[in-house]
Amino acid sequence: AALGVVAGLGVAALPAFTFAETVTGDVDVIVEVEPAIAMTITGNNDDNSHEGTKAIYTAVTEPTGNPSLQNYYERSGQDPNYTYALTTDKTVASGKTYYQVSTAGTYQPVDAFGPSDIAGGTLDGHSIPGTSITGTSSSYASLSPSSKILGDSSNGFRSTITVYTNATSGYTLTLKDADTDNSLKQDGSGEVPTIAAVSSQGIVEGVSAWGYRVSSQHGTPVVTPGDWLAVPISTGTAASISSLDSKTTNGDQTIVDYAVSTSGDQATGIYHDVITYTATAI
């Protein structure tokens, strides 16, 4: 600061300064809470009493006689989705490979899965199990040839999916088949006999078919459920079955019903397919 000369005093004088007693400043304290999501699925199959046998096909090393009378099969398709059908050959065809079926191995319903990476913690007031869900995620029904069963609360042929998330933008719920074959089949490798998946048509006695439809969203029944639909295959576009645009409170529930009908000559056995449900935080 420049020195000032005060007229008449003949001396140098300093300007007066005032020092502040307080200084203020703002700081943001930022805590990011990451979105988390967990899901449980319950069905009506609470044990393994409905397990069945898998059809295993092996090549006949030296076929002889009448193949059709010996229950020989012929194979078509590509690995891993081979299909097998009983041959109509009356005599052994040169160079053709025939197959015989056995019943080695067993099928057990899907009954548990790891719900999310938040397992062992708490989300939305719900305790997420550390390793698997409580109950089962499989759904079972029994019916005769040339009959049908439509999923509802009385028979439990349905899945109840409950999603828990703290994501403020909510979540979406989708489903698709676990593989590229969406038929119900007697084992997981595509062998016949099967019950074909249907889309936008009814389930009718005498016709071999199955499908799904959403019967409840957010805990409220769907007023007019749509047609029974075929589950999209794993390489297709997943079907969006529910969504919520906010975080959940005590979980958000969706119910998916299943339906199946059989032909008059439907082969005996346990048919199954695996559906993958995916909940994604937005």
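The values are calculated or read from the model by the stated rules, or taken from the named source; none is laboratory data. Predicted model only: the values in this text are computed from it and were never measured. Every residue, glycine among them, receives a Cβ derived from its backbone with ideal geometry; neighbour counts consider all protein chains shown. For accessibility, only protein heavy atoms count, side chains too; no ligands or nucleic acids. Shrake-Rupley method; radii C 1.70, N 1.55, O 1.52, S 1.80 Å.
Provide the gained length on full extension for the span V33 to S76, in nm with one decimal, where the gain is 0.36 nm per separating residue minus the Cα-Cα distance.
Contour length minus the Cα-Cα distance gives 10.1 nm.
Describe numerically, in nm with one decimal, the distance between label points set 7 Å from Cα along Cα→Cβ at K96 and at A59.
Going from the K96 label point to the A59 one covers 1.6 nm.
At 1.4 Å probe radius, can you tell me the per residue accessible area of segment 135-282 in Å²?
Per-residue value: 43 Å².
Mind grabbing the accessible area of I282 for me, 1.4 Å probe, Å², rounded to tens?
110
With a cut-off of 8 Å between alpha carbons and a minimum separation of six or more residues, what is the relative contact order of segment 131-252 in percent?
That works out to 33 percent.
Per the 1.4 Å probe, what fraction of the accessible area of segment 128-282, in percent, lies on carbon and sulfur atoms?
50
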